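Student: Here you go, one structure.
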Amino acid sequence: MSIRACALCVLLCAALALSGCGKKEEAVFTDPLPSAEDRTDATPEMPGLSGGAERVSFSTDSSPVGVSSDEQPSQPEILHFVDVFGEEYETEIDPEIPKHPYDLSLFQRDGQLLSYTDENFQSCSGIDVSHHQEKIDWEKVASQGFTFAILRIGFRGYGTEGNLGEDRQFKNNLEGARAAGLKTGVYFFAQAVNEDEAREEAAFVLELLNGEELDLPVVYDPESILDAPARTDNVTREQFTANSAAFCEIIREAGYEPMIYANMLWEAFELDLNKLQGIPIWYADYEPLPQTPYDFRIWQYSNEGQVDGVSGSCDLDILFQTRER
């Protein structure tokens, strides 16, 4: 069985809750930025797995027998990584895809919060939320040093009809976060099966924004559904890539910056990053350090954040900003 097939099998066996009780179109949908139970891959807002950092490694294939080092072709670099369940995978690192510039030794943790600073970049702290966090006291959130929030604006149902819906707390969250001085961006939980549906999702997002200015990108969040049949079950890597590109094109043409949400499994097996270059990545990974070798602008590093003013747990993120000189 192929690596991709194995990955998907593992994911489909996991009982993550992108909840789908009753009629699919009327179900309560998980945040596109799921929780450990919600995500199908390393994207869920999952806590770091113990020892995860030690399990990330790079290697190259051994040299062919009888070929000198001067004559042998360059060998692919292999990334070994784990998903949120601790399942191990490997994939070739694509030399054509831009790599991230961060020094992994410079990530610092203070309790649950993560930060990063080097001579070129400095991070700021944020959260991402949906109606699952209910009503949020944004003044309390801001008082703890959080400076940005990414808000779920809407979703497409994963049932056959694939109805579009607005997150019922979006307007309250946008108004509250702005009033508290936080920078804001939005994400859309996608279930498009082709480019036309992806463009429809983008048009729906623009309708909900109604010209509102944003400080941060509009994020496209395609995800797998693990615990129920889903309209995207048979969507190929090529189609997911085309859908992402189509959505982001519409968003960019409307004057907003697009972004794609992905974890290492999606970067390795579900998206062709070569065809999506120029679109920044919001990377999700709950290991102690990011496992991806590829560039990303935001890291969602936990789904177990305990933030005063937010009911229950929420996702924690850091945004990398260029330092002023």
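Student: Sorting Leu106, Leu276, Leu214 on the 10 Å Cβ count, fewest up front, what's the list?
Tutor: The fewest-first ordering by Cβ neighbours comes to Leu106, Leu214, Leu276.
Student: A further question on this structure: Quick check: Cα centre of the range 93-133 to Cα centre of the range 285-325, how many Å?
Tutor: 6
Student: What's the extension gain from Ile97 to Glu119 if we count 0.36 nm per residue and subtract their Cα-Cα distance?
Tutor: Extending this stretch completely gives an extra 5.6 nm.
Student: Under 8 Å for C-alpha pairs, at least 6 residues apart: give me the relative contact order for the range 86-232, rounded to a whole percent.
Tutor: 19
Student: Which order results if Cys314, Cys124 are arranged by neighbouring Cβ count within 10 Å, fewest first? Provide the component values of the computation, followed by the final result.
Tutor: Numbers: Cys314 27, Cys124 16.
Fewest-to-most ranking of Cys314, Cys124: Cys124, Cys314.
Student: If you bin every alpha carbon distance in the range 231-277 into 10 Å steps from zero, what whole percent lands in each bin?
Tutor: Histogramming the range 231-277 at 10 Å steps yields 26, 54, 20, 1 percent.
Student: Next up: Ranking Ile153, Ile97, Ile279 by Cβ neighbours within 10 Å, fewest first, what do you get? Let's see the in-between values first.
Tutor: On the way: Ile153 25, Ile97 16, Ile279 20.
Going from sparsest to densest Cβ surroundings: Ile97, Ile279, Ile153.
Student: Just in the range 193-301: which GluC sites (Glu not before Pro) are loop by DSSP and have at most 15 other Cβ atoms within 10 Å?
Tutor: Passing sites in the range 193-301 are Glu212, Glu213.
Laboratory data are not the source of any read-out in this text; all were calculated from the coordinates shown. Note that the coordinates shown come from a computational prediction; the quantities given were computed from them, not determined experimentally. Every residue, glycine among them, receives a Cβ derived from its backbone with ideal geometry; neighbour counts consider all protein chains shown.
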